[in-house]
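K.L.:
This structure is in structure tokens; I'll ask about it shortly.
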């Protein structure tokens, strides 16, 4: 009986660390420099991510060494993807003088999450994650919430590893 219990305990520990030290799952507000297994990352400069009126900065500590930003309040980020989950990764700044206090992640015309881009100076910050979507084409808008001002930025977008990023102007063809 003692031997069986010892084997069971050792086996449970081996499952937790079977492939080396297993990284903990990312959480909102944390820096996410390493792509997780079930995700695929797209840089802010990807041609299917529409950011009209945005500038790009290349300071080096961001995904693919760039992030995009705008100082104009009414300039949303647009993208479409097929899949069942999405994440937004931004550059956070430690003052509200620059970046918006309330940003919305809208998927298929529904606000799925609201987040802030100020009060923490950190690159590659996970600020929004939506999972459990129907596995189909989704229209995404990232925008400053109504009644708020300041600017927004984008460092990268993560979607399901099996998903596809699609330019928003592309007609839906049997995907």
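The values are calculated or read from the model by the stated rules, or taken from the named source; none is laboratory data. Everything quoted here is computed from the prediction, not taken from an experiment. Heads up, the Cβs are rebuilt from the backbone with ideal geometry, glycines too, and the neighbour counts pull from every protein chain shown.
K.L.:
How many residues does the stretch 145-168 contain that are modelled with pLDDT of 85 or more and out of contact with any strand residue (DSSP E or B) (no Cβ under 6 Å at 6 or more places or on another chain)?
P.N.:
Residues in the stretch 145-168 being modelled with pLDDT of 85 or more and out of contact with any strand residue (DSSP E or B) (no Cβ under 6 Å at 6 or more places or on another chain): 3 in total.
K.L.:
Within the stretch 31-45, does at least one residue satisfy the condition of being surrounded by fewer than 16 Cβ atoms within 10 Å (Cβ to Cβ), at pLDDT 85 or above, assigned to a strand (DSSP E or B) and touching a strand residue (DSSP E or B) at 6+ places or on another chain (Cβ under 9 Å)?
P.N.:
The answer is yes, given that some residue of the stretch 31-45 is surrounded by fewer than 16 Cβ atoms within 10 Å (Cβ to Cβ), at pLDDT 85 or above, assigned to a strand (DSSP E or B) and touching a strand residue (DSSP E or B) at 6+ places or on another chain (Cβ under 9 Å).
K.L.:
So residue 14 fits all but one of (1) at pLDDT below 65; (2) assigned to a strand (DSSP E or B); what number is the exception?
P.N.:
Failed condition: (2).
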